[in-house]
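Take a look at the structure below.
The values are calculated or read from the model by the stated rules, or taken from the named source; none is laboratory data. This is a predicted model, so every value here is computed, not measured. Here Cβ is always computed from backbone atoms with ideal geometry, including for glycine, and neighbour counts include all displayed protein chains.
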Amino acid sequence: MAQTTAAGGDAAGDHTHGESVAEESAADGEGPGDAVGARGAGESCDALALADLAATHLLDDPGPAERHLRRALLIGDGTLPAEHLARLGSQLVMVVAGQSGRERELADVALRAAARWEGISAADASHLSFVAARAYHRAGRHAAAAAQFERSLAAGSAPYPDIEMALLRGQYGKSLKLLGRYRAAAGQFIEAARLVRDVPGRSELRAELAWSAASALDTCGEDDRAYTAYLHAAELWGELDRVGPRIRCLRAAAWLQHCAATAGTAGASATGASATGASATGASATDASAAGSSEAGLRAMYGILAELEELDPTPEVAVELTNTRRQLADMEAGRD
């Protein structure tokens with residue numbers, strides 16, 4: 001009983017002391033809300049101090065800079081102004097981006113930073129969303145990259161000059177192609193090429209994009225468009241005196257002619273086997289047309305061979321001569 005009384009007395013004493021503290025705080029004009037405000041002000045100051053520390057390491061020592069920025073963002077959330085937090089997020093993106101092999105983490109911090117800029121700066125939010133997409137692409141996470149590129153482009157903003165947007169769409173196209181989405185990839189390559197069509201000094205990029213578009217169209221069965229794209233790419237490579245790429249584009253175009261003719265001949269033969277009268281005559285006409293196309297493919301390949309034989313015998317030309325002769329032999333064997 002004595003223990004209970006003592007305990008009760010202690011509790012009462014604590015209660016009385018608590019009341020006196022509250023009364024003293026009230027007398028000093030400090031309520032619970034003021035205490036919370038003081039704590040928030042302290043955290044804000046701590047976050048700013050960490051941000052200042054990070055700034056001293058941004059260019060020469062990314063490890064400490066990253067640690068200070070992450071801590072500043074953590075304790076400053078809810079106490080620092082939204083724009084200040086957004087700027088700290090952008091600085092963290094810059095620090096992580098400067099360290100090789102951290103593409104996955106870069107994508108994560110870039111997306112978080114982009115979210116902080118929403119409602120403050122559409123340009124910054126858009127830029128950071130593209131940073132995330134490109135980081136996914138470099139990391140080999142092509143599904144995530146394609147999805148992020150799609151979201152960023154769907155927002156309708158183009159935060160970079162045409163040349164940069166062309167490079168970005170080229171990366172998007174490569175991710176789509178690796179995912180087996182060849183038609184969509186071709187669309188990105190074609191749009192990228194359009195963006196740099198009149199940009200001086202970007203002839204090689206135009207040729208690469210045209211070749212990529214042709215290859216994607218070829219793979220998804222758009223033979224007519226692929227044929228035209230291959231010839232266009234060959235022309236662009238020729239203007240740059242790039243023998244190897246030009247010849248490979250021309251050979252691909254020749255094969256498209258030949259394979260289309262072979263498919264046409266097979267289809268016409270199957271039709272002719274069961275057709276009579278006028279139908280058989282139509283099948284024969286189709287067969288003759290296909291044979292003509294096959295000859296066009298062979299003529300194109302012979303023309304490529306003649307072009308190579310007129311060039312100086314460099315190692316590159318020697319390789320292309322060997323490949324062209326081998327493919328010409330395959331084409332002739334297929335005709336038989």
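Here are a few things to note about the model shown:
- When W237 is tested against (1) crowded, with 16+ Cβ neighbours inside 10 Å; (2) touching a Leu at 6+ places or on another chain (Cβ under 8 Å), exactly one condition is not met: (2).
- One residue from A123, A144 being assigned to a helix (DSSP H, G or I) and at pLDDT below 95: A123
- Scope the range 100-120; condition in a loop (DSSP other than H, G, I, E, B) and not acidic (D, E); matching residues: S100, G101, R102, G119, I120
- Output for the range 127-174, where each listed residue is closer than 17 Å to E191 by Cβ and polar (S, T, N, Q): S152, S157, Q171
- Between A192, A147, A123, the distinction of being in contact with a helix residue (DSSP H, G or I) (Cβ under 8 Å, 6 or more places away or on another chain) and among the aliphatic types (A, V, I, L, M) belongs to A192 only.
- Among the residues of the range 202-236, those that are under 14 Å from L167 (Cα atoms), of a type outside the set (S, T, N, Q) and out of contact with any helix residue (DSSP H, G or I) (no Cβ under 6 Å at 6 or more places or on another chain) comprise R202, E204, L205, E208.
- When the range 240-263 is filtered for residues that are surrounded by fewer than 18 Cβ atoms within 10 Å (Cβ to Cβ), part of a helix (DSSP H, G or I) and among the aliphatic types (A, V, I, L, M), only A263 remains.
- Residue in the range 190-201 that is in contact with a Phe, Trp or Tyr (Cβ under 6 Å, 6 or more places away or on another chain), farther than 30 Å from L85 by Cβ and either modelled with pLDDT under 95 or surrounded by 20 or more Cβ atoms within 10 Å (Cβ to Cβ) (or both) present: no
- Applying the criterion of being polar (S, T, N, Q) and surrounded by fewer than 20 Cβ atoms within 10 Å (Cβ to Cβ) to the residues of the range 202-220, the residue that is nearest to I247 (Cα to Cα) is S203.
- Members of the range 75-99 found to be in a loop (DSSP other than H, G, I, E, B) and either surrounded by 22 or more Cβ atoms within 10 Å (Cβ to Cβ) or more than 22 Å from the chain's Cα centre (by Cα) (or both), listed by number: D77, G78, T79, L80, P81
- Residues of the range 307-326 that are closer than 18 Å to A234 by Cα and either in contact with a helix residue (DSSP H, G or I) (Cβ under 9 Å, 6 or more places away or on another chain) or part of a helix (DSSP H, G or I) (or both): E307, L308, E309, L311, E316, V317, V319, E320, L321, N323, T324.
- Qualifying residue in the range 137-150 (condition: small (G, A, S), closer than 27 Å to P81 by Cβ and crowded, with 16+ Cβ neighbours inside 10 Å): no
- Selection status of A47, modelled with pLDDT under 55, under 29 Å from P159 (Cβ atoms) and outside any loop (DSSP other than H, G, I, E, B): no
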